1. With the condition kept exactly as written, say whether any residue in region 324-333 is over 25 Å from residue 89 (Cα atoms), in a helix (DSSP H, G or I) and at pLDDT below 95.
2. From the list 377, 370, 414, 389, which residue is in the same structural domain as residue 331 (by TED's automatic domain parsing) and either surrounded by fewer than 21 Cβ atoms within 10 Å (Cβ to Cβ) or assigned to a loop (DSSP other than H, G, I, E, B) (or both)?
3. Any residue at all in region 265-288 that's surrounded by fewer than 20 Cβ atoms within 10 Å (Cβ to Cβ), in contact (Cβ under 8 Å) with a residue 40 or more places away in the chain and either part of a loop (DSSP other than H, G, I, E, B) or under 16 Å from the mean Cα position of the chain (by Cα) (or both)?
4. It is to be established whether one or more residues within region 147-160 are modelled with pLDDT under 80 and outside any loop (DSSP other than H, G, I, E, B).
5. For region 164-181, how many residues are part of a loop (DSSP other than H, G, I, E, B) and modelled with pLDDT of 75 or more?
6. Picking from 257, 215, 250, 230, which residue would you name as being assigned to a helix (DSSP H, G or I), in the same structural domain as residue 127 (by TED's automatic domain parsing) and out of contact with any strand residue (DSSP E or B) (no Cβ under 6 Å at 6 or more places or on another chain)?
7. Can you name every residue in region 447-481 that is at pLDDT 90 or above, surrounded by fewer than 19 Cβ atoms within 10 Å (Cβ to Cβ) and part of a helix (DSSP H, G or I)?
């Protein structure tokens, strides 16, 4: 091998014009590799857009979008995620900076970057068990799953790389294996998640979907069930290296939210974890974005309504996140949702739409769009994005909130049975969240189902005995509040 530039697990052979990770080749466009080489040759140096146009594009006139797209492709090739810019950093309004530890030499693929822990690497292997399943389906599912799992912070995603008839991939820490077969117009998928270091299987599920829209159905099923498991593994991997590492703290906060649901205790615990992370490293956009949403949703559904500073904190955290990262669908979706939740619809809606342009599989952004339409009184328009967001999102407690909002929207447009199903499914997602129970109370009131109304009201007061009239009004509206609140007061006497 000729002259090389090494950083972390990556090596660039400038003579052969090749990028490798752990010795395995990485497919990358020539111009993107030119950009990576140019940035690595001056590590730590701020490179302006004009500077890059002169050196990489040789002075040709190119748009900001072209440069941003090339930077995004370079990050993807180097394993940077949307939420963790550990190699190429954006300095808002000024340019870009290579922050990896690049050195010249013959390669040292076992040495992680000096300032960051080694991030986990997930490999996706999709195989067909018989000729009834097209290899094209396997390839398409691999590509789409990479996009879905890429929304998990601080995780590198790889797939087998074609190499002269065989296949190779960077050494992975975790492996998702999917075996596809087909019988009588039904596609079957056996999915497992393993720790490659220990060889232990951590999770396994069997799925079956109709052959119509098989990719969409498999993505919804596998993505929603596997993502929470992968998040747990990523969190455990980082925490094992350093329990107080900023990224580990962020993932702990995400696990608290996903596992314990939206309630005052969750907001307090998760916010404390995020603030500890930010105190250690305030340059990670996703930490600020999640913190903004915690304050905004806490305020929106009444959990922090008594806290006058919640709105200010939500807005400030959202703006910090956006100043650090403007091309991440995950960050945009969270920050845009937070801004809408505190009433800044004109600011938040375009941000949510941009998040969906960048990643149509961003379930949170779909749900946030539906919630924003609800706030504008467009209940019919809110139903579709809410349903889409629920369909493609991880199957965890966040669906309790989104399902409750969906039930409220369906109720407002007269879809009583749909609203009943949505409320029941939302209640099953979280045993302590009051919103699905309140939605169920409103649904059964409108349906004039006295027995179900009584049971739902009992459940509501079980999980939230101190519910206030403002909380009821805020979620179900004046008419439902006028009917429900006197009954709640009578129950308390």
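1. Filtering region 324-333 down to residues over 25 Å from residue 89 (Cα atoms) leaves none.
No - not one qualifying residue is present in region 324-333.
2. The unique qualifying residue is 377.
3. Within region 265-288, one or more residues are surrounded by fewer than 20 Cβ atoms within 10 Å (Cβ to Cβ), in contact (Cβ under 8 Å) with a residue 40 or more places away in the chain and either part of a loop (DSSP other than H, G, I, E, B) or under 16 Å from the mean Cα position of the chain (by Cα) (or both).
4. Yes; the residues of region 147-160 include at least one that is modelled with pLDDT under 80 and outside any loop (DSSP other than H, G, I, E, B).
5. Qualifying residue count for the region: 2.
6. When all the criteria are applied, what remains is 215.
7. 450, 451, 452, 454, 455, 458, 459, 461, 462
The values are calculated or read from the model by the stated rules, or taken from the named source; none is laboratory data. A quick note: this is a predicted structure, and the numbers were derived from the prediction, not measured. In this analysis, Cβ positions are derived from the backbone assuming ideal geometry, glycine residues included, and neighbour counts consider all displayed protein chains.
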